[in-house]
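Below is one structure, written out as structure tokens; the observations come after it.
The values are calculated or read from the model by the stated rules, or taken from the named source; none is laboratory data. This structure is a prediction, so every number in the text was calculated from the model and none was measured. Methodologically, a virtual Cβ is constructed for each residue, glycine included, from the backbone with ideal geometry; neighbour enumeration extends over all protein chains shown. These accessible areas exclude ligands, DNA and RNA; they are computed on the full protein's heavy atoms, side chains included. Shrake-Rupley method; radii C 1.70, N 1.55, O 1.52, S 1.80 Å.
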Amino acid sequence: MDYKQLVADVVADAVDNQVSSSDIYAKIETPKTAQNGDLAFPAFMLAKAMHQNPKIIAEQIASEINTDAFAQVKAVGPYVNFFLNQGQVSAQVLETVLTEKDHYGDNHDGDNGVVTIDMSSPNIAKPMSMGHLRSTVIGNSIAKILTKNGYRPIKDNHLGDWGTQFGKLITAYLKWGNEEDVKRDPIHYLVKYYVEFHQRDEQDPALDEEAREWFKKLEDGDPEAVKLWKWFRDVSLKAFNQTYKKLGVDFDTYNGESFYNDKLQDVVDTLKKDGLLEKSQGASVVDLSDQDLNPALILKTDGASLYVTRDIATAIYRDETYHPVMNLYVVGSEQTYYFKQLKAVLQKMGLQSAAGLHHVPFGLITVNGKKLSTRHGNIVLLNEVLDESVKMAAQQIKEKNPTLSNQQQVAEEVGVGAVIFGDLKNSRIDSIDFNLQDQLKFEGETGPYVQYAHARAESVLAKAGKRDYQAGNHQLTGDEAWEIVKLLQSFPAVVKKANAEFEPSVIAKYSLRLAKAFNKYYAHTKILTDDEQLDARLALVKSVSIILKESLRLLGVQAPDEM
Ligand code: ARG
């Protein structure tokens with residue numbers, strides 16, 4: 001039940017629909033203090049239509065409304081304050097949560113529409129850095145949120161497996177690489193060669209020329225170049241998959257940039273046919289000056305394709321293959337300008353899905369204040385961060401709960417969950433400085449804090465034993481229980497908001513509020529006392545457990561029953 005909607009409806013009714021209930025809905029507020037009720041309607045907006053002073057309108061409305069759902073409706077100055085009937089509302093909310101369980105908050109807004117999510121997309125022959133963590137976990141969470149809202153997401157890993165950098169890598173490997181080294185520790189050595197290339201080419205411009213030639217050979221299918229490239233790609237993918245496995249993230253497709261090689265000529269032909277391709281100093285570009293954007297460079301002077309050429313082919317392929325209603329690109333905010341250009345080109349081409357193209361940007365990640373860059377050798381390996389986090393979690397669990405039986409598994413769920421949650425609790429666009437120690441604390445705004453509240457709820461339920469608290473009319477009383485009921489009641493709206501904004505932090509912040517409200521309730525209430533409200537309290541605890549677990553699931557974080 002959406003009580004805000006109810007308030008809007010009864011107010012509209014009380015004023016004979018002189019203003020629509022949806023306009024009224026938009027004005028309804030949540031009072032800051034409980035003494036002003038649970039919801040409030042400021043009557044100012046009606047003054048004009050009703051030729052009346054808002055204070056008098058407020059009084060009129062308050063006297064007309066007479067619905068069981070409200071314990072009291074009171075005019076205070078120009079405001080109408082609504083006090084929900086706590087007993088009735090809590091009974092209704094708890095019954096709905098206990099019946100619908102983890103489906104509570106599901107809706108069909110998406111109407112089964114397909115949404116492609118371009119996510120993770122690390123570059124071959126480089127380690128997946130903390131920088132790629134954000135795209136992976138944000139995209140994964142958005143996919144789950146979309147599903148809950150009735151969409152069908154397709155998670156596509158647009159691997160950076162093509163481009164001039166492979167000319168550099170081949171050059172570097174052939175010059176000073178060693179096969180045995182690469183076999184033993186592939187990513188480490190491939191990065192080493194790449195970093196070395198960039199250190200040397202500053203003094204030796206001939207290296208760049210050589211690299212360009214190797215990339216050209218690769219594009220032309222030269223067997224030696226292709227063999228090396230394939231090898232680099234295989235060993236890199238193997239390493240990425242280890243990280244994905246730890247994070248619990250999978251993909252529907254891994255169509256990297258190289259997948260579109262045989263589709264690039266079509267792109268060029270179509271652009272030509274549409275009269276969109278222009279020559280500019282030997283290169284081919286699409287002019288975007290009508291949109292105040294720099295031209296998009298489609299082919300270099302030597303005819304080599306670019307990142308954007310492959311992205312145009314990708315968009316066309318996705319359109320034809322999936323007929324998506326939206327195309328999301330979960331990519332750092334440093335590529336914002338680039339995605340404006342891409343969208344502008346696709347619009348000019350009249351591509352169906354251009355309108356549904358959304359760049360979903362996110363801010364920079366630093367680790368203990370340090371920026372990440374492969375080129376300068378300052379790399380924090382995501383794999384190592386995850387392993388370290390699990391190790392630290394294991395240590396904490398050993399101290400806090402030495403008798404716990406499945407310590408290693410719980411440590412993995414807590415350690416990995418802390419990293420994911422530590423990222424997702426921030427608004428996407430904010431830059432974050434990641435500190436493992438902070439994110440692993442059981443107190444504060446952390447994943448383990450929410451996980452611990454869930455485990456605490458589960459342990460209360462386990463102590464209570466098997467009881468059928470589904471039955472019964474759970475009329476709960478008390479401010480702290482009411483706080484929880486209101487949060488549970490708002491969950492479906494939270495799910496919609498997270499979806500509309502492509503913003504997992506909406507769910508993460510909600511889960512923190514619910515965990516906090518529950519911990520407060522837990523500290524002040526003798527939940528297991530055998531009185532007439534015992535079942536109602538257990539129903540509340542069970543509902544909290546269900547929704548905390550579901551919130552964490554939407555973030556891609558596990559919720560162990562004990563920890
Ligand atoms: N591989 C790119 C990078 O690491 C991200 C690719 C994003 N997706 C896209 N379709 N352009 O910066």
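Key figures
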{"item": "Any hit, segment 64-78, residues being over 25 Å from K486 (Cα atoms) and assigned to a helix (DSSP H, G or I)", "result": "yes"}
{"item": "Residues that are over 30 Å from P324 (Cα atoms), more than 16 Å from the ligand (Cβ to nearest atom) and not in a helix (DSSP H, G or I), drawn from segment 144-197", "result": "G177, N178, D185"}
{"item": "Odd one out for V460, checked against (1) over 18 Å from the mean Cα position of the chain (by Cα); (2) surrounded by 21 or more Cβ atoms within 10 Å (Cβ to Cβ); (3) of a type in the set (V, I, T)", "result": "(2)"}
{"item": "Those residues of segment 1-37 which are within 18 Å of S63 (Cα to Cα), of a type outside the set (V, I, T) and under 39 Å from the mean Cα position of the chain (by Cα), in sequence order", "result": "L6, A8, D9, A12, N36, G37"}
{"item": "Subset tally (residues that are within 16 Å of the ligand (Cβ to nearest atom), open to solvent by 10 Å² or more (accessible area, probe 1.4 Å) and either under 16 Å from A493 (Cα atoms) or out of contact with any helix residue (DSSP H, G or I) (no Cβ under 7 Å at 6 or more places or on another chain) (or both)) for segment 100-131", "result": "2"}
{"item": "Where a residue in segment 291-314 is closer than 22 Å to G167 by Cα and among the polar types (S, T, N, Q) and its partner, wherever it lies, is within 16 Å of the ligand (Cβ to nearest atom) and not in a loop (DSSP other than H, G, I, E, B), with Cβ under 7 Å and at least six apart", "result": "S305/L264; T309/L264; T309/V267; T309/I298"}
{"item": "Matching residues in segment 441-451 - criterion: being within 22 Å of S135 (Cα to Cα) and not in a helix (DSSP H, G or I)", "result": "E445, T446"}
{"item": "Residues located in segment 513-535, provided they are surrounded by fewer than 21 Cβ atoms within 10 Å (Cβ to Cβ) and in a helix (DSSP H, G or I)", "result": "R513, K516, N519, K520, Y522, A523, H524, L534, D535"}
{"item": "Elements of type helices (runs of 4 or more DSSP H) contained in segment 378-440, each with 2 or more residues being within 23 Å of V330 (Cα to Cα)", "result": "382-400, 407-424"}
{"item": "Which listed residue, of F502, F491, is closer than 30 Å to R134 by Cβ, in contact (Cβ under 8 Å) with a residue 24 or more places away in the chain and open to solvent by 10 Å² or more (accessible area, probe 1.4 Å)", "result": "F502"}
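Residue-wise test of (1) assigned to a helix (DSSP H, G or I); (2) within 30 Å of V385 (Cβ to Cβ).
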position	(1), (2)
Q199	yes, yes
D208	yes, no
R212	yes, no
A225	yes, no
W229	yes, yes
F240	yes, yes
Y244	yes, yes
D250	no, yes
S258	yes, yes
